[in-house]
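Asker: Questions regarding the structure given below will be posed in turn.
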Amino acid sequence: MITLAVGDLDRALEFYRDGLGLESPGVIGTEFIGDDTTPAGAAAMFQLRGGLTLALYPRTELAKDANVAFGPPKTGEFSLGCLVASRADVDAVLARAEAAGATRTDQTGERPWGIYSGYFRDLDGHLWEIIWNPRFAGERG
């Protein structure tokens, strides 16, 4: 499971579901109301390949749930990677993310170690790398 802290749950759900095309039942757990110290339960879930779940959880609630200080978001401290089947898929996913409101970085292309990839930041600044790796795909070149 990967949980991303988001500033606006509905906006993030729309980005990942409607913008990127990931399937989700929508916001769940709204019956669990939080307070100043107890986190609320509202979240959005996406079932990905291989049994992986992507969860979106409000930043304020994740901080309460993990008992960590709530502070400003920081980007670029880590990235999430998504392998795709071809170079064309890298470009298509990046274009789809940008059309949904993501910000692309200028770092797209061949890497010296043999992959083709590009980056975008989602609406909350999470850094995603979309990767085609010929060692893990049938396409060559």
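Asker: Going by what's in this entry, would Thr60 be described as modelled with pLDDT of 90 or more, more than 22 Å from Gly19 (Cα to Cα) and either touching a Phe, Trp or Tyr at 6+ places or on another chain (Cβ under 6 Å) or not hydrophobic (A, V, I, L, M, F, W, C) (or both)? Walk me through it before giving the result.
Answerer: Details: modelled with pLDDT of 90 or more: yes; more than 22 Å from Gly19 (Cα to Cα): yes; either touching a Phe, Trp or Tyr at 6+ places or on another chain (Cβ under 6 Å) or not hydrophobic (A, V, I, L, M, F, W, C) (or both): yes.
Judged against the criteria, Thr60 is a match.
Asker: Could you tell me whether Ser24 is in contact with an Asp or Glu (Cβ under 7 Å, 6 or more places away or on another chain), of a type in the set (Ser, Thr, Tyr) and either surrounded by 11 or more Cβ atoms within 10 Å (Cβ to Cβ) or under 23 Å from Pro134 (Cα atoms) (or both)? Steps first, answer last, please.
Answerer: Working: in contact with an Asp or Glu (Cβ under 7 Å, 6 or more places away or on another chain): no; of a type in the set (Ser, Thr, Tyr): yes; either surrounded by 11 or more Cβ atoms within 10 Å (Cβ to Cβ) or under 23 Å from Pro134 (Cα atoms) (or both): yes.
Criteria not met by Ser24.
Asker: Run down Ile33, Ile115 and say which single residue is surrounded by 15 or more Cβ atoms within 10 Å (Cβ to Cβ) and either over 20 Å from the mean Cα position of the chain (by Cα) or not assigned by TED's automatic domain parsing to the domain that holds Leu20 (or both).
Answerer: Working: Ile33 fails: surrounded by 15 or more Cβ atoms within 10 Å (Cβ to Cβ).
Ile115 is the lone residue from the list that is surrounded by 15 or more Cβ atoms within 10 Å (Cβ to Cβ) and either over 20 Å from the mean Cα position of the chain (by Cα) or not assigned by TED's automatic domain parsing to the domain that holds Leu20 (or both).
Asker: Tell me, please, whether a residue that is in a strand (DSSP E or B) and assigned by TED's automatic domain parsing to the domain that holds Gly21 can be found in segment 57-74. Step through it out loud before you land on a result.
Answerer: From segment 57-74, those in a strand (DSSP E or B) are 57-58; that's our starting set.
With the extra rule that they be assigned by TED's automatic domain parsing to the domain that holds Gly21, the set shrinks to 57-58.
There is at least one residue in segment 57-74 that is in a strand (DSSP E or B) and assigned by TED's automatic domain parsing to the domain that holds Gly21.
Asker: Sticking with this one: Looking at Thr105, Thr53, Thr60, Thr30, which is the one that is β-branched (Val, Ile, Thr) and under 15 Å from Asp124 (Cβ atoms)? Spell out the reasoning first.
Answerer: Numbers: Thr105 fails: under 15 Å from Asp124 (Cβ atoms); Thr53 fails: under 15 Å from Asp124 (Cβ atoms); Thr30 fails: under 15 Å from Asp124 (Cβ atoms).
Criteria check complete, one pass: Thr60.
Asker: Going through Gly26, Gly7 one at a time, which residue ends up being of a type outside the set (Phe, Trp, Tyr) and modelled with pLDDT of 95 or more? So that I can check it myself, show each step before the final result.
Answerer: Numbers: Gly7 fails: modelled with pLDDT of 95 or more.
Selected residue: Gly26, the only one of Gly26, Gly7 that is of a type outside the set (Phe, Trp, Tyr) and modelled with pLDDT of 95 or more.
Asker: Let me ask something else. Name the single residue, out of those in segment 57-85 being among the charged types (D, E, K, R) and surrounded by 15 or more Cβ atoms within 10 Å (Cβ to Cβ), that is nearest to the chain's Cα centre (by Cα).
Answerer: Ranking the candidates gives Arg59 first.
Asker: Here's another thing I want to ask about it. Can you work out which of the residues in segment 4-18 that are in contact with a Ser or Thr (Cβ under 9 Å, 6 or more places away or on another chain) and part of a helix (DSSP H, G or I) is surrounded by the fewest Cβ atoms within 10 Å (Cβ to Cβ)?
Answerer: This residue is Arg17.
Asker: Which one is surrounded by the most Cβ atoms within 10 Å (Cβ to Cβ), of the residues in segment 87-112 that are touching a residue at least 40 places away in the same chain (Cβ under 8 Å) and outside any helix (DSSP H, G or I)?
Answerer: Start the filter on segment 87-112 by keeping residues that are touching a residue at least 40 places away in the same chain (Cβ under 8 Å), which leaves 87, 89-90, 93, 96-97, 99-102.
In the following step, the residues that additionally are outside any helix (DSSP H, G or I) were identified as 100-102.
Numbers: Ala100: 18, Gly101: 13, Ala102: 21.
Checked segment 87-112; the qualifying residue surrounded by the most Cβ atoms within 10 Å (Cβ to Cβ) is Ala102.
Asker: From the list Ala42, Ala88, Ala92, pick out the single residue that is at pLDDT 90 or above, over 15 Å from the mean Cα position of the chain (by Cα) and in the same structural domain as Tyr16 (by TED's automatic domain parsing). Steps first, answer last, please.
Answerer: Numbers: Ala88 fails: in the same structural domain as Tyr16 (by TED's automatic domain parsing); Ala92 fails: in the same structural domain as Tyr16 (by TED's automatic domain parsing).
Going through Ala42, Ala88, Ala92 in turn, just one is at pLDDT 90 or above, over 15 Å from the mean Cα position of the chain (by Cα) and in the same structural domain as Tyr16 (by TED's automatic domain parsing): Ala42.
The values are calculated or read from the model by the stated rules, or taken from the named source; none is laboratory data. Keep in mind that what you see is a predicted model, and the values were worked out from it rather than measured. For neighbour counting, all protein chains shown are included, and Cβ atoms are generated from backbone atoms with ideal geometry for every residue, glycine included.
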